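The values are calculated or read from the model by the stated rules, or taken from the named source; none is laboratory data. Keep in mind that what you see is a predicted model, and the values were worked out from it rather than measured. When we count neighbours, we look across all protein chains shown, and the Cβ atoms used for this are built from the backbone with ideal geometry, even at glycine.
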Amino acid sequence: MARENTSFAGIVMYRRPYKERDLLVKFLTDKRGPMMFFVRGGNRSHAKITSDILPFTHGQYTGWLADDGSLSYLSAARDTRQYVHLGEDPLRSAYATYILELVDATFEEGRSIGGWFNQVAAALELIDKGQDPQIAANVLEVQFLPLLGAAQTWDRCTICGLNDRPLDFSEANGGMLCSRHWNLDEHRFHLDRRTVGYLQLFASLNLVQVNQIQVDQSVKNRLRYTLDRIYDDELGLHLKSKRFIDQMATWENQLKNLRSEN
Ligand SMILES: [Zn+2]
């Protein structure tokens, strides 16, 4: 089996102990997408590399990269930085975990991912800086759909190709319907203009150039609903981290109800 000694930019996706002293660390790499690395001695607290491979760490790494899906070996790290604020807040941390789990489901191991690396890093960076974690995740959810084999037409009517009238999302048609064609789908989503506008914006938004994201709660709820339906119905993708986020939303609502009762 061939391994190439190379340096790469990486983000720690998750890690797990291997035997007593070693670690298996999954990285998102800029060169070859998600890859699993064996880190000898990584599970020993005094190992030099320990702080470089903590969850939510971003940096430049050197290692032996396997080209056949077998384990790669990590040998050195430099310029590493942890997204420290992600761990401070359960919702931020849940969304960051979800984004990385979604990345793992979207990209094949060992393949180049082009500009996606910077896009994912920018999403984590925005959440770390305190921007809305749901919106950062929603942007990637929209953009990953074509990669997952569920591309949707956001910018025009899927029937007539026009966008001169209000658009609404139709799951059955794989995208938007203009008001002339709303009669074709009685289950269309009844989205308002702003939600449609955000979905269109997200499809081509470069997160690297975004500093601030602010979206009304009512629009956020419709974005969440729309993307959840597509991910459930079209892809059947149910990630553990996403279930946790949904649970947190339920608890929040229960607390709100309790407060309003008192
Ligand atoms: Zn139409």
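Say we look at the range 126-143 and pick out the residues that are crowded, with 19+ Cβ neighbours inside 10 Å and acidic (D, E); which of these is nearest to the ligand (Cβ to nearest atom)? Of everything passing the filter in the range 126-143, E141 is nearest to the ligand (Cβ to nearest atom).
Okay, residues lined up against (1) crowded, with 20+ Cβ neighbours inside 10 Å; (2) touching a strand residue (DSSP E or B) at 6+ places or on another chain (Cβ under 8 Å):
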site	(1), (2)
T29	yes, yes
R32	yes, yes
G41	no, yes
I53	yes, yes
D67	no, yes
S72	yes, yes
V84	no, no
D89	no, no
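L237 - would you say it is within 24 Å of G149 (Cα to Cα), part of a loop (DSSP other than H, G, I, E, B), aliphatic (A, V, I, L, M) and in the same structural domain as E101 (by TED's automatic domain parsing)?
Values: within 24 Å of G149 (Cα to Cα): yes; part of a loop (DSSP other than H, G, I, E, B): yes; aliphatic (A, V, I, L, M): yes; in the same structural domain as E101 (by TED's automatic domain parsing): yes.
Considered against the rule, which asks whether it is within 24 Å of G149 (Cα to Cα), part of a loop (DSSP other than H, G, I, E, B), aliphatic (A, V, I, L, M) and in the same structural domain as E101 (by TED's automatic domain parsing), L237 comes out as yes.
So is L201 part of a helix (DSSP H, G or I) and farther than 14 Å from Y231 by Cα or not? Considered against the rule, which asks whether it is part of a helix (DSSP H, G or I) and farther than 14 Å from Y231 by Cα, L201 comes out as yes.
Taking the criterion of being over 17 Å from the mean Cα position of the chain (by Cα) and surrounded by 12 or more Cβ atoms within 10 Å (Cβ to Cβ), the residues of the range 199-219 that qualify are Q200, V215, V219.
Residues in the range 144-188 that are within 24 Å of the chain's Cα centre (by Cα), within 25 Å of S218 (Cβ to Cβ), surrounded by 16 or more Cβ atoms within 10 Å (Cβ to Cβ) and more than 10 Å from the ligand (Cβ to nearest atom): F144, L145, Q152, T153, W154, F169, S170, E171, G175. Taking the stated definitions as given, is D216 among the charged types (D, E, K, R), at pLDDT 95 or above and closer than 28 Å to A121 by Cα? In short, yes.
If you go through the range 205-227 and keep only what is in a helix (DSSP H, G or I) and out of contact with any helix residue (DSSP H, G or I) (no Cβ under 8 Å at 6 or more places or on another chain), you end up with Q209, Q217, S218, N221, Y225. Is it the case that the range 54-76 has a residue that's touching a Lys or Arg at 6+ places or on another chain (Cβ under 8 Å), among the acidic types (D, E) and in a strand (DSSP E or B)? No, every residue in the range 54-76 fails to be touching a Lys or Arg at 6+ places or on another chain (Cβ under 8 Å), among the acidic types (D, E) and in a strand (DSSP E or B).
So that you can scan it fast, the table gives a plain yes or no per residue for (1) of a type in the set (G, A, S); (2) assigned to a loop (DSSP other than H, G, I, E, B); (3) at pLDDT below 95:
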{"residue": "G161", "(1), (2), (3)": "yes, yes, no"}
{"residue": "A172", "(1), (2), (3)": "yes, yes, no"}
{"residue": "N183", "(1), (2), (3)": "no, no, no"}
{"residue": "H190", "(1), (2), (3)": "no, yes, no"}
{"residue": "V196", "(1), (2), (3)": "no, no, no"}
